[in-house]
Amino acid sequence: MIPYGRQLISNDDIAEVVEVLKSDFLTQGPRTPQFEEAVAAYVGAKYGIAVNSATSALHIACLVAGLGPGDVLWTSPNSFVASSNCGLYCGASVDFVDIDPNTLNISIESLKLKLEDAEKKGKLPKVVIPVHFAGQSCDMQAIGDLGKQYGFKIIEDASHAIGGRWDGVSIGSCIYSDMTVFSFHPVKIITTGEGGLITTNNSEFAEKLILLRTHGITRDQAKMRFPSDHGWYYEQQSLGFNYRITEMQAALGLSQLKKLDQFVATRHKLAKRYDELINDLPISLPWSDPRSFSAYHLYVIQVKYGELYFRDKIFHRLRGKGIFVNLHYIPIHTQPYYQSMGFKCGDFPVAEKYAQCALTLPMYPALSENEQDVVIKELRECFV
Ligand SMILES: *Cc1c(COP(=O)(O)O)cnc(C)c1O
């Protein structure tokens with residue numbers, strides 16, 4: 001079986017995790033702050049806060065952005081459900097902005113129009129979550145300008161995008177946003193098994209995120225309302241969660257981070273091979289903005305020609321051959337849970353049309369060229 005994505009774990013990763021298992025701390029030890037500092041330094045942000053998943057990261061980032069009941073969060077329909085569920089966790093309502101057919105990211109034009117309309121109706125979003133689909137950054141400068149103009153907070157969902165850049169600036173530096181969220185699920189660029197991390201340059205946000213990760217509890221004398229000399233004293237100051245990452249995960253993350261650039265380079269090499277070896281087929285290949293250096297989480301083709309449902313036929317045929325192609329994504333608003341909130345098929349037509357012809361081909365650093373050739377051969381046979 002050839003999956004669409006998977007981790008690449010080497011002996012040095014394993015050794016780092018084993019080291020932690022023999023140490024005093026399995027959680028709340030030194031590896032977590034080391035990992036946080038290393039990721040923050042890599043992307044050029046002041047603070048990094050590691051948690052147990054990107055989903056948890058999105059949740060507490062929304063809380064810190066002040067999102068609550070009566071507020072609205074906007075995101076892209078072409079994403080994993082976590083990008084919008086985080087708004088619902090906070091008791092806010094969510095809405096979507098349709099995508100750009102080239103970048104497959106949130107459309108800046110649609111965002112502008114929707115903001116103008118929302119301003120007239122007095123229903124501006126409190127938070128906008130741009131998603132860097134497949135690893136290619138959204139135009140963050142444009143979104144940052146709109147954020148200033150309309151007063152919304154920006155949380156980048158960079159679950160696909162660590163190691164990528166926009167205009168030479170690392171994704172996660174938060175130059176045009178309030179916070180950026182990364183995922184370390186095994187199919188993503190680097191992994192900690194499960195895990196996520198938030199970067200920010202705002203010290204107040206960083207402090208609040210640290211509190212929310214651990215039950216809203218602080219043990220820092222300087223931050224207490226009722227400072228005490230008792231060693232046993234701690235204070236719960238807000239309603240937080242247990243969203244901590246373990247030391248084993250942080251150690252794995254530190255070890256994987258060393259290989260991040262190499263992983264992204266391999267992804268580019270494989271993507272280039274696909275570009276060259278299937279460009280004669282009646283499909284469209286991924287489009288790259290010249291300002292973008294993508295982390296290339298996904299290689300998505302679009303089957304725009306041929307009979308209706310031809311994509312589905314290709315999908316089933318390849319899966320039948322043990323090639324685990326996939327679809328990224330079923331538009332979030334078409335999920336039954338979202339339809340029960342009033343969203344309908346047809347609400348975001350560009351994302352829906354795209355989802356009918358998209359197909360994610362296997363691509364990950366452990367994919368050999370021989371395996372890639374098998375994928376290419378089987379794909380070509382779908383068109384003869
Ligand atoms: C994977 C993913 C998430 C969720 O990440 P977890 O770490 O699995 O919680 C959120 N958003 C996007 C776009 C993702 O791809």
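The listed residues are ILE190, ILE155, ILE198, and the only one of them that is within 16 Å of the ligand (Cβ to nearest atom), outside any strand (DSSP E or B), β-branched (Val, Ile, Thr) and touching a residue at least 60 places away in the same chain (Cβ under 8 Å) turns out to be ILE190. Scanning segment 311-322 finds one or more residues that are more than 30 Å from ASP167 (Cα to Cα), crowded, with 19+ Cβ neighbours inside 10 Å and among the basic types (Lys, Arg).
When every residue of segment 61-74 is checked against the conditions, at least one turns out to be assigned to a loop (DSSP other than H, G, I, E, B) and open to solvent by 50 Å² or more (accessible area, probe 1.4 Å). For segment 312-331, the tally of residues that are farther than 22 Å from ASN78 by Cβ and touching a residue at least 60 places away in the same chain (Cβ under 8 Å) stands at 4.
Condition check ((1) small (Gly, Ala, Ser); (2) surrounded by fewer than 18 Cβ atoms within 10 Å (Cβ to Cβ); (3) out of contact with any Cys (no Cβ under 9 Å at 6 or more places or on another chain)) across all residues:
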| site | (1), (2), (3) |
| --- | --- |
| ALA250 | yes, no, yes |
| LEU254 | no, no, yes |
| LYS258 | no, yes, yes |
| GLU276 | no, yes, yes |
| ASN279 | no, yes, yes |
| PRO282 | no, yes, yes |
| SER288 | yes, yes, yes |
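With the structure loaded, tell me whether ALA134 is assigned to a helix (DSSP H, G or I) and on the phi > 0 side of the Ramachandran plot or whether it fails that test. In short, yes.
On the stretch given as segment 203-228, residues that are surrounded by fewer than 15 Cβ atoms within 10 Å (Cβ to Cβ) and part of a helix (DSSP H, G or I) total 5. Restricting to segment 5-27, and then to whatever is loosely packed, with under 15 Cβ neighbours inside 10 Å and small (Gly, Ala, Ser), can you tell me which residue is nearest to TYR364 (Cα to Cα)? Applying the filter and picking the extreme gives SER10. The listed residues are ILE217, ILE162, ILE210, and the only one of them that is within 15 Å of the chain's Cα centre (by Cα) and not basic (Lys, Arg) turns out to be ILE162. Per the conditions (1) at positive phi; (2) away from the ligand (no atom under 16 Å from the Cβ); (3) touching a residue at least 60 places away in the same chain (Cβ under 8 Å); (4) in contact with a Ser or Thr (Cβ under 8 Å, 6 or more places away or on another chain), the sole criterion not satisfied by GLY172 is (2).
Scanning segment 82-109 for residues that are within 15 Å of the ligand (Cβ to nearest atom), over 27 Å from ALA206 (Cβ atoms) and open to solvent by 10 Å² or more (accessible area, probe 1.4 Å) yields THR103, LEU104.
Of the residues in segment 111-123, at least one is farther than 20 Å from LYS353 by Cα, assigned to a loop (DSSP other than H, G, I, E, B) and at pLDDT 95 or above.
Considering (1) touching a Lys or Arg at 6+ places or on another chain (Cβ under 8 Å); (2) more than 16 Å from the ligand (Cβ to nearest atom), the lone condition that HIS160 does not fulfil carries the number (2).
Selection of segment 88-120 for residues being among the polar types (S, T, N, Q) and out of contact with any Cys (no Cβ under 7 Å at 6 or more places or on another chain) yields SER93, ASN102, THR103, SER107, SER110.
Checking GLY44, GLY48 one by one, the residue that is closer than 18 Å to ALA158 by Cα, away from the ligand (no atom under 14 Å from the Cβ), touching a Leu at 6+ places or on another chain (Cβ under 8 Å) and in contact (Cβ under 8 Å) with a residue 60 or more places away in the chain is GLY48 and no other.
Scanning segment 347-371 for residues that are closer than 24 Å to VAL97 by Cβ and in a loop (DSSP other than H, G, I, E, B), we see that the one that is least open to solvent (accessible area, probe 1.4 Å) is PHE348. Evaluated against (1) closer than 20 Å to SER340 by Cβ; (2) within 16 Å of the ligand (Cβ to nearest atom); (3) among the hydrophobic types (A, V, I, L, M, F, W, C), VAL72 falls short on exactly one condition, (2).
The values are calculated or read from the model by the stated rules, or taken from the named source; none is laboratory data. Bear in mind that the values here come from a model prediction, so they are computed numbers and not experimental data. Every residue, glycine among them, receives a Cβ derived from its backbone with ideal geometry; neighbour counts consider all protein chains shown. In case anyone asks, the SASA skips ligands and DNA or RNA and just uses the protein heavy atoms, side chains included. Shrake-Rupley method; radii C 1.70, N 1.55, O 1.52, S 1.80 Å.
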